[in-house]
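Each reported figure results from applying straightforward, stated rules to the coordinates on display, with no laboratory input. No experiment lies behind these values; they were computed from the predicted model shown. Every residue, glycine among them, receives a Cβ derived from its backbone with ideal geometry; neighbour counts consider all protein chains shown.
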Amino acid sequence: MGLGRGAAIAVAALGLAWLSTALFTVDQSEQAIVTRFGRPLDGVRGPGLHAKAPWPIDTVVRIDARLLVFDNEPIEMLTADKKNILLDSFIAWRVADPLQFTQTVKTRLEAEARLLDIAAAEMGAAVGGESMDAFISTAPGRVQLAEIAARVGAAVDAVARRSFGIAVVDLQINGVFLPAQNRASVIDRMRAERARIATKYRSEGEEEALKVKAETTVERDRILAEARAEAEGIRGAGEAQALRLFSEAYAEDPGFFRFLRQLQAYEQIIDQQTTIFLEANSPLLRALHGPDDAAGR
């Protein structure tokens, strides 16, 4: 009796354990597909508690519902102008159709391997249609990495959704490198391009400098001409005023005027280093006797 009761308890426990496999929970970061004898059933289970037929009739396939990032290794590709470059990129993706995903790639590792194949093919086609300047250039606005990545990302998303139920949320090119055999030639080309741009800027600067100098010379000559004209006018007015004053002074006292003129003549011909020997009745000494005597002699 004791043995029979123990066996019954063991069978009951096994039965309860078997029945417990009919319940399962799904985490917030997951989605779940229930398969019956390996064939997926319709419907996707979201977060929470769910029921199914006990194992091994039904099994649960759990799928990561989070946004996943796949960082590719740099891939060497050929541009339209036959230059080799290494492109480093990453893909942000999530499962858009869990049922299709389960029926095709099943695991994250397999999904990322397929994404790598698709991205490499689409990136190769995009790179092959662009010149090296679209990836490495010293000219502003010539590099088109963002535009190329957007086109490739849209193409990869279309193929991945259709074939594997995978949504490519973003694809970005986060690095462009040169193979060792091409590095020297590309650097030389970039140096030549910078030298050409520098020569162009220098030529434009010299041309602008000549233009400014010419304009400055014209303006200087105009200002000097106006200043000379104004100076001549002032000088002419001053001379006219001086002549008028001389005439008035001469008219008022001709003898005194002649006396002043003689003194002015002495100042012009005699200085501290000059010694003159004159006779007592020399005309030059008349002024010493006073204006009346100078005027009379």
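Can you compute the modelled spin-label distance between residue 41 and residue 198, with each label point 7 Å from Cα toward Cβ, in nm?
Distance between the two pseudo-spin positions: 7.5 nm.
For residue 41, list long-range residues whose amide hydrogen, built 1.01 Å from N in the peptide plane, is under 5 Å from its own amide hydrogen.
Sorted by chain and number, the residues that satisfy this are 34, 35, 36.
Starting with the highest mean, order 241-247, 34-40 by the number of other Cβ atoms within 10 Å, averaged over the residues of each peptide.
34-40, 241-247
From the C-alpha coordinates alone, can you work out the Kirkwood hydrodynamic radius of the range 68-177, in Å?
Details: mean 1/r = 0.0700 Å⁻¹.
Taking the inverse mean of 1/r over all distinct Cα pairs, the range 68-177 comes out at 14.3 Å.
Take each of the peptides 197-209, 255-267, average the number of other beta-carbon atoms within 10 Å over its residues, and list them starting from the highest.
Details: 197-209: 10.2, 255-267: 14.1.
Final packing ranking: 255-267, 197-209.
How much length would be gained if the chain were fully extended between residue 174 and residue 247, taking 0.36 nm per residue of separation minus their Cα-Cα distance, in nm to one decimal?
Numbers: separation 73, 0.36 × 73 = 26.28 nm, distance 9.65 nm.
Extra length from residue 174 to residue 247 when fully extended: 16.6 nm.
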